[in-house]
């Protein structure tokens with residue numbers, strides 16, 4: 001069923017009109033640390049003039065790394081070790097819609113499933129360990145789970161947006177402490193860092209004529225005291241576009257957008273996705289250099305077939321905006337509006353930005369699409385099935401701006417978190433059900 005919900009996910013500064021009947025799904029950023037480095041790296045210390053993100057006299061460390069990284073020149077293939085999920089099986093393996101999943105030092109997995117106010121833990125063999133928390137207002141209980149975030153030492157934090165509280169748990173799943181959030185976040189996009197600072201992405205305004213793009217992160221310390229907000233910004237305005245929900249996540253018609261996330265050491269990472277130029281801003285930027293990590297990005301043009309496919313989807317969105325309707329007679333429809341959507345001929349450089357629980361930076365690149373069949377598409381969706389499919393390609397960097405290598409995931413998988421040589425991902429079936437997967441990659445230091 002087509003509907004007209006507007007989504008504003010954590011990283012995206014654009015209005016979204018969803019073309020799927022599938023429930024909206026996304027996950028919070030992960031983080032961590034890795035130090036392997038190889039290849040040719042050019043590192044230059046420079047002083048830049050005052051800009052939207054910097055202070056006068058701020059020291060910047062510029063890294064240009066176009067050579068292969070520590071993991072080699074060829075993409076590392078991620079291999080599925082196992083997949084669990086069963087619509088008609090035991091409750092601990094029957095997922096409706098997995099919202100978030102995190103790796104606990106690569107030794108266990110914690111899952112937030114949308115139909116319950118409990119977290120579920122599994123070992124790295126896919127065996128159920130225990131439930132964590134329950135519905136309630138007591139210590140370690142939840143009234144409205146928003147997101148989870150794993151720390152490098154295996155502890156993990158769960159944000160309850162309804163009760164405005166964060167619960168910290170041990171790697172075993174035992175409750176440690178709660179801290180109150182002193183403000184309304186308006187969002188479930190949440191990250192914890194190793195100093196037990198908690199960060200919330202403030203939803204940006206979307207639409208036209210709003211001026212430069214902004215992505216604001218509000219933070220509190222371990223006692224709940226507010227910290228100064230950190231803002232990523234860019235000179236270009238937010239772009240109106242639309243989103244379709246696929247098995248491997250949100251898919252968009254190649255908008256220019258500002259992406260940002262917070263790493264486990266508290267660094268803010270941001271990028272204008274039209275370029276391959278990461279800004280890594282330490283939690284204490286006054287004492288440490290801000291790193292710009294740059295890499296050459298190939299120009300990727302849409303094929304004629306791919307462009308025509310997105311043009312057809314854009315016309316559906318424009319018609320739905322002008323004539324809103326829903327099969328749910330109780331739904332309050334938005335007012336009609338005229339929308340003009342343009343599909344570019346050339347793709348931006350970066351599609352998604354994430355951090356993992358080890359502290360590495362993951363950049364999903366736009367790449368050439370090929371004719372194929374959409375994997376895991378919702379059988380109940382009325383949008384046309386996708387016929388041009390992009391491989392799932394992620395570049396991985398250290399938190400200090402050293403390029404590690406490229407990882408390719410199997411089709412249809414949505415990345416959630418990584419630690420060491422393990423990746424946790426989800427797959428969506430034809431009825432909208434979720435499956436949990438653990439993947440491994442063969443990397444030199446794993």
Original post:
Of (1) more than 19 Å from residue 425 (Cα to Cα); (2) in a strand (DSSP E or B); (3) at pLDDT 95 or above, residue 218 satisfies all except one. Which?
Top reply: (3)
Original post:
Listed residues 87, 48; which is under 30 Å from residue 424 (Cα atoms) and modelled with pLDDT under 90?
Top reply: 87
**OP:** Can you tell me which residue within the range 414-423, out of those that are more than 13 Å from the chain's Cα centre (by Cα) and in a strand (DSSP E or B), is surrounded by the most Cβ atoms within 10 Å (Cβ to Cβ)?
**Re:** 423
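Every residue, every condition in (1) without any contact (Cβ under 8 Å) to a residue 24 or more places away in the chain; (2) under 29 Å from residue 261 (Cβ atoms), yes or no:
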site	(1), (2)
312	no, no
321	no, no
328	yes, no
333	no, no
336	yes, no
343	no, yes
350	no, yes
364	no, yes
367	no, yes
**OP:** Select from the range 242-267 the residues that are under 14 Å from the mean Cα position of the chain (by Cα) and within 19 Å of residue 149 (Cβ to Cβ) and write down the one among them that is surrounded by the fewest Cβ atoms within 10 Å (Cβ to Cβ).
**Re:** 249
**OP:** List every residue pair whose Cβ atoms sit under 7 Å apart, with the two residues 6 or more apart in sequence or on different chains, where the first one lies in the range 412-437 and is on the phi > 0 side of the Ramachandran plot and the second, anywhere, is in a strand (DSSP E or B) and surrounded by fewer than 24 Cβ atoms within 10 Å (Cβ to Cβ).
**Re:** 412/427
**OP:** Find the residue count for the range 239-263, including only residues that are within 19 Å of residue 321 (Cβ to Cβ) and assigned to a strand (DSSP E or B).
**Re:** 5
Original post:
Which of the residues belonging to the range 222-238 are under 30 Å from residue 98 (Cβ atoms), modelled with pLDDT of 75 or more and assigned to a loop (DSSP other than H, G, I, E, B)?
Top reply: 222, 224
**OP:** Would you mind finding the one in 148, 129, 109, 120 that is touching a helix residue (DSSP H, G or I) at 6+ places or on another chain (Cβ under 8 Å) and either part of a strand (DSSP E or B) or modelled with pLDDT under 95 (or both)?
**Re:** 120
Original post:
Is it true that some residue in the range 196-204 is farther than 18 Å from residue 266 by Cβ and at pLDDT below 90?
Top reply: yes
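The values are calculated or read from the model by the stated rules, or taken from the named source; none is laboratory data. Nothing here was measured: the structure is a model prediction, and the numbers come from that model. Positions of Cβ are generated from backbone atoms using ideal geometry, with glycine treated the same way; all protein chains shown enter the neighbour counts.
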